[in-house]
1. If you take the residues of region 183-200 that are under 17 Å from Leu161 (Cα atoms) and among the aliphatic types (A, V, I, L, M), which of them is most open to solvent (accessible area, probe 1.4 Å)?
2. Just to be sure before I move on: is Ala153 modelled with pLDDT of 85 or more and open to solvent by 20 Å² or more (accessible area, probe 1.4 Å) in the structure I sent?
3. Look through Ala296, Ala321 and report the one residue that is surrounded by 19 or more Cβ atoms within 10 Å (Cβ to Cβ), modelled with pLDDT of 70 or more, under 29 Å from Arg64 (Cα atoms) and not β-branched (Val, Ile, Thr).
4. Can you name every residue in region 429-441 that is touching a Leu at 6+ places or on another chain (Cβ under 9 Å) and at pLDDT below 80?
5. Anything in region 387-413 that is within 22 Å of the chain's Cα centre (by Cα), within 20 Å of Ala189 (Cβ to Cβ) and assigned to a strand (DSSP E or B)? List them, or say none.
6. Name every residue in region 126-140 that is modelled with pLDDT of 95 or more and crowded, with 16+ Cβ neighbours inside 10 Å, in order of residue number.
7. Go through region 1-90 and tell me which helices (runs of 4 or more DSSP H), entirely inside it, have 2 or more residues that are at positive phi and either at pLDDT below 80 or open to solvent by less than 60 Å² (accessible area, probe 1.4 Å) (or both).
8. Condition first: open to solvent by less than 50 Å² (accessible area, probe 1.4 Å), over 30 Å from Ala236 (Cβ atoms) and either modelled with pLDDT of 90 or more or small (Gly, Ala, Ser) (or both). Now tell me which residues in region 399-426 satisfy that.
Amino acid sequence: MVSSGYSRARVLAWTALAAVAGSFTVLAAASGARALLVVLVGVAGLAGAASGFWLAVSRRGPLRALGVLLVVCAPAAVLAVCTVVGLWTEALAALALWTAGGACARWAVRQVRPPRPVRAVRSRPPARPVLIMNPRSGGGKVGRFRLAERAEALGARVVLLDTAGGARQDVSELARQAVAEGADLLGVAGGDGTQALVAEVAAEHGLPFLVLPAGTRNHFAMDLGLDRVDPSRTLAALTDGEELRVDLGRVSGRPFVNTVSFGVYAQVVQSPEYRDAKAGTALEAMPDLLLGYSGARLDVRADDARLAAPQAVLVSNNPYAGPQPLGGARRPRLDLGTLGVVGIRVENAAQAAELALRGTRAAGLDVLTARRVTVRADRPTIPVAVDGEALSLPAPVDCEVRPGALRVLVPRDRPGVPVAVERPDWRWIVALALGRPLPTALTPSTAPSAPTAPSAPTPSTSRTPPADGSPPAGGTSPSDPTPNG
């Protein structure tokens with residue numbers, strides 16, 4: 001019997017295809033030659049904006065100004081052409097239909113591959129929680145939100161880092177000392193790098209770990225579904241919390257909760273000015289790094305796949321999802337037991353335009369997953385950014401993931417992780433609409449775990465996690481934590 005979810009998915013797939021076809025029909029019905037002109041100008045505008053962005057980040061002076069001008073003027077030029085030929089209303093209608101088609105395609109995907117959040121298990125309140133707080137983190141969020149006072153009112157012991165005069169304390173040692181004194185929970189209010197160090201100690205001793213989003217970007221907290229606007233709300237986990245069992249990354253013996261970066265970005269992070277002026281420092285350094293790249297020549301091995309000489313490599317604790325694996329993407333799951341790997345090589349404006357037009361299918365972008373990543377280089381040490389912290393590590397550098405190593409305590413009442421917006425694979429949409437077996441040559445990020453035909457799925461004995469992150473049949477998932485007590 002055909003499942004209702006599969007039936008809705010087929011209807012949505014047909015709707016998506018009809019909307020996309022309608023977008024072309026609207027233009028063609030208006031005037032064939034003029035419609036073709038609008039399509040060509042639209043593609044040229046997108047390519048021009050991408051080329052302008054490349055000039056803006058890879059050049060200085062007049063060429064950078066030209067790039068900014070292209071980014072601003074390319075969309076305006078497309079609109080102007082549509083107005084001159086008298087097709088701007090048709091162009092807007094076609095764009096609306098195309099957008100609606102994409103939305104229906106994504107909803108079709110979600111019908112047969114619904115988002116599955118990390119499983120949460122109720123937890124008893126800790127008796128002796130210890131929270132390590134950095135007063136300078138996030139521009140002083142610890143003081144602004146009175147995190148120390150509120151935590152102490154809930155029975156926690158707070159250890160404030162002494163950051164006077166730029167002093168750096170051994171956070172890992174502070175966490176181990178707290179464990180030796182009987183702490184039954186370790187928490188941290190600070191940046192992602194500080195969180196990783198405390199998280200490793202918590203994982204070593206099997207203790208729950210509490211994240212207070214008091215950093216600047218709070219990527220780990222975002223992917224845990226925590227409130228980044230008001231970090232004090234996370235303190236509710238001390239009295240009314242639940243546990244998530246998530247993975248912890250490791251690079252050359254050092255823990256990471258988010259990402260490890262190599263190449264261009266890692267070199268930018270090495271600059272002393274980066275911490276106080278991230279955007280300006282990156283923009284100033286990019287031309288020297290992208291043109292005639294003088295950094296270490298990297299050779300990356302991700303399980304059995306090889307990435308040769310990428311300009312930049314990002315290895316993440318679980319893969320990112322979304323139309324682009326960089327930028328504002330999120331990790332919908334943190335318990336898949338895999339690393340996300342993104343390699344990029346863009347050497348000219350044409351490749352930048354291809355990246356904008358084709359996304360993850362561009363020749364200069366590799367997106368894959370792996371259990372282990374090894375980065376080799378043509379020099380003994382290479383710059384590495386670990387959760388945004390600048391390091392220099394001896395090559396080769398090994399990255400691995402520890403599945404289910406970390407017990408994270410979160411409040412039951414939290415915003416949650418937003419659903420990732422994935423670019424639909426239209427081969428799958430066509431196959432789904434026609435009720436045919438789904439194509440096998442899909443990337444891991446788009447390969448569905450849904451039935452390939454309207455029949456019940458056959459149970460599998462494989463212990464490899466499915467692409468959607470659901471527990472393997474016949475086994476347990478790393479997202480199934482053991483409740484306290």
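The values are calculated or read from the model by the stated rules, or taken from the named source; none is laboratory data. Here the structure is a predicted model, which is why all the values come from computation and not from measurement. Every residue, glycine as well, gets a Cβ built from its backbone with ideal geometry; the counts of neighbours run over all protein chains shown. The accessibility values were calculated without ligands, DNA or RNA, using every heavy atom of the protein model including side chains. Shrake-Rupley method; radii C 1.70, N 1.55, O 1.52, S 1.80 Å.
1. Residue satisfying both the conditions and the ranking: Leu197.
2. It is true that Ala153 is modelled with pLDDT of 85 or more and open to solvent by 20 Å² or more (accessible area, probe 1.4 Å).
3. It is Ala296.
4. The one that is touching a Leu at 6+ places or on another chain (Cβ under 9 Å) and at pLDDT below 80: Leu438.
5. Glu389, Leu406, Arg407, Val408, Leu409, Val410
6. Listed by number, the residues that qualify are Pro126, Pro129, Val130, Leu131, Ile132, Met133.
7. Output list is empty.
8. Cys399
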